[in-house]
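Working notes, structure below.
The values are calculated or read from the model by the stated rules, or taken from the named source; none is laboratory data. Just so we're clear, the structure is a prediction, and the values are computed from it rather than from any experiment. Please note: Cβ atoms are built from the backbone with ideal geometry, for glycine as well, and neighbour counts cover all protein chains shown. Note: accessible area is taken over every heavy atom of the protein model, side chains too, but ligands, DNA and RNA are not part of it. Shrake-Rupley method; radii C 1.70, N 1.55, O 1.52, S 1.80 Å.
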Amino acid sequence: MKLSVVGIAIFLMTGPVVVADELDDTYQSLQDAVAKKDAAQVKKLAVPLFELARKVSTAPEPTSAIEKEDWPNRVKYAKEAEGYAEYALYAMAVQAEPATMVDMLGLLEAQSPKSKYLDQAYQAYLAGLRQVGKEADIPAIVDKAVVNFPNNPDLLLVAATTAQAKKQADRAITLANRLVTAANARPKPEALPAADWERQKSVWLGRGYWISGVSNGEKNLYALSNKSLRAALPYIKGEPALLGPALFYLGLDNYQLGKMTNNKKQVLEGATFSDQCAAIAGPFQDQAYRNSMAMKADANNMR
């Protein structure tokens, strides 16, 4: 694909002459590699194309009247080529086995950390990192990526979970609440079946509400914890590891709120949540049983 409008040599202030035909040839070669699904060749060509495209698009505007007239077309073409390099890495990555996918998406992230294709790819990228034994790298990758994609639910889920594990309650709550907002605002990908999309949203919403609720419960913020955990229940009912802690804190939340407002019904509701928690094997089971007995005794002394 030869374009006469970019066939003029471009002089850069900080480097040697860059012949626009080199950009054109590399762009065409990359398109050919994508058509052949040649991942190795795509990887080989993408970085040079990024470099050539950026040399053109970031070069100072020429002073020559002839070159100046054509300058907007050159810049537009260079940016188009750069965008295609991003697409090529993404397109090959999502079709590749995990090791190649991680390699190519890592390259895309290094070359263009704000690429729109990364926003679509992070779920697969994070899963791929786990599959190739690089799970330890995920928190650092996510910390950087969530700055560029603050509304990406997959990134927010990992960031919130990591913060909760590190006992960073305030950060966990903030990220979990952002996760809920992002999950509700995220449009369904066109190619994804509706049922699959609803399952994915349920994971995001369930984890977001749960992390927020448990973290607020640990801070004795009973009303906030109660609100989030009630919202979480429909999404986590089949997951005992999440349901146990949720019911435990719901028991404490409603007991405390009931005591504050002299609401016997709510105190007994706290006892009911505690009974439900006590029926689930886990670290909260025994304490939930003792809590239930104490809550019922207090309720009996209330009018």
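Which ³J(HN,Hα) values in Hz, rounded to whole numbers, follow from the phi angles of segment 78-83 under the Karplus curve 6.51 cos²θ - 1.76 cosθ + 1.60, where θ = phi - 60° and Gly and Pro get x?
Running phi through 6.51 cos²θ - 1.76 cosθ + 1.60 with θ = phi - 60° gives 5, 5, 4, 5, 5, x Hz.
Positive end of the dipole of the chain, charges at C-beta (+1 Lys, Arg; -1 Asp, Glu), about the Cα centre: which of L105, T174, G213 has its Cα farthest in that direction?
Result: G213.
Once percent of Cα pairs over 38 Å apart is worked out from the coordinates, which option in (1) 16; (2) 10; (3) 37 does it equal?
(3)
Taking every pair of alpha-carbon atoms in segment 36-115, what share in percent sits in each 10 Å bin, from 0 to the bin with the longest distance?
Cα pair-distance distribution for segment 36-115, in percent: 19, 43, 22, 12, 4, 0.
Which whole-Hz ³J(HN,Hα) couplings does segment 262-275 yield from phi under the Karplus relation 6.51 cos²θ - 1.76 cosθ + 1.60, θ = phi - 60°, glycine and proline marked x?
Per residue, the Karplus-derived 3J(HN,Hα) values read 6, 9, 4, 4, 6, 4, 5, 5, x, 5, 5, 4, 5, 4 Hz.
Leaving ligands, DNA and RNA out of it, report the carbon-plus-sulfur percent of the accessible area of segment 251-299 at a 1.4 Å probe.
55
Of the heavy-atom accessible surface of segment 155-206 (probe 1.4 angstrom), what whole percent is carbon and sulfur?
Accessible surface attributable to carbon and sulfur in segment 155-206 totals 57 percent.
Any idea of the accessible area per residue across the chain, 1.4 Å probe, to the nearest Å²?
52
Assuming 0.36 nm per residue, please report the length gained on full extension of the stretch A40 to S64 beyond their Cα-Cα distance.
That pair, A40 and S64, stretches by 4.6 nm at full extension.
Ignoring ligands, DNA and RNA, please state the percent of accessible area on segment 59-114 from carbon and sulfur, probe 1.4 Å.
Within segment 59-114, the accessible surface is 53 percent carbon and sulfur.
Relative to the longest principal axis of the C-alpha atoms of the chain, give the angle of the C-alpha long axis of helix 194-218, reported between 0 and 90° and rounded to the nearest 10°.
Tilt of helix 194-218: around 60 degrees.
Counting alpha carbon pairs within less than 8 Å and at least 6 residues apart, what relative contact order, in whole percent, applies to segment 33-191?
15
Convert each backbone phi in segment 231-236 into a coupling constant with the Karplus relation 6.51 cos²θ - 1.76 cosθ + 1.60 (shift: θ = phi - 60°), then list the ³J(HN,Hα) values in order as whole Hz, x for Gly and Pro.
3J(HN,Hα) across segment 231-236, in whole Hz: 5, 6, 3, x, 8, 10.
How big is the charge dipole of the chain about its Cα centre, in debye rounded to the nearest 20, if each Lys and Arg gets +1 on its Cβ and each Asp and Glu gets -1 on its Cβ?
In debye, rounded to 20, the chain gives about 1580.
Points 7 angstrom from Cα along the Cβ direction at A223 and M293: gap in nanometres?
About 3.3 nm, to one decimal.
What nm distance separates the two modelled labels at D119 and W71, each placed 7 Å from Cα along Cα→Cβ?
About 3.0 nm, to one decimal.
Of all the C-alpha pairs in segment 125-248, what % are more than 23 Å from each other?
31
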